[in-house]
Amino acid sequence: MLKSSLTLTIPTFNEEKNIRIPLDSTYDLVDEVLIINGGSTDKTVEIVKLEIIKLSSNLQIYIFSNHPQHSMFESALFSA
């Protein structure tokens, strides 16, 4: 029997003040997180990298950077 997995996709654009909330609240519920960064100019990506170290679980977090905002959802759909 195949083990099912759950992927959370988070499109971001300058979310340094908010990105910790979905990561902290879902890390034990999902198997992987896809961060689709729409060219943030703040510290969104750096904060995600720090959260990966802090959580240090079996959670896989992938960061796809510099996607134009109009293609972020398409990128998320095809990456999952």
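The residues of region 1-52 that are in contact with a Lys or Arg (Cβ under 7 Å, 6 or more places away or on another chain) and at pLDDT 90 or above, listed by number, are Glu16, Ile47.
Quick grid of which residues meet (1) surrounded by fewer than 17 Cβ atoms within 10 Å (Cβ to Cβ); (2) in a loop (DSSP other than H, G, I, E, B); (3) in contact with a Pro (Cβ under 8 Å, 6 or more places away or on another chain):
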| site | (1), (2), (3) |
| --- | --- |
| Asn14 | yes, yes, no |
| Lys17 | yes, yes, no |
| Leu23 | no, no, no |
| Asp28 | yes, yes, no |
| Thr41 | yes, yes, no |
| Val48 | no, no, no |
| Glu51 | no, no, no |
| Lys54 | yes, no, no |
| Ile61 | no, no, no |
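Residues that are among the hydrophobic types (A, V, I, L, M, F, W, C) and either touching an Asp or Glu at 6+ places or on another chain (Cβ under 7 Å) or in contact (Cβ under 8 Å) with a residue 24 or more places away in the chain (or both) were ranked within region 1-12; the one that is surrounded by the fewest Cβ atoms within 10 Å (Cβ to Cβ) is Leu6.
The values are calculated or read from the model by the stated rules, or taken from the named source; none is laboratory data. What you see is a predicted model, and the numbers here were worked out from it, not measured in a lab. Here Cβ is always computed from backbone atoms with ideal geometry, including for glycine, and neighbour counts include all displayed protein chains.
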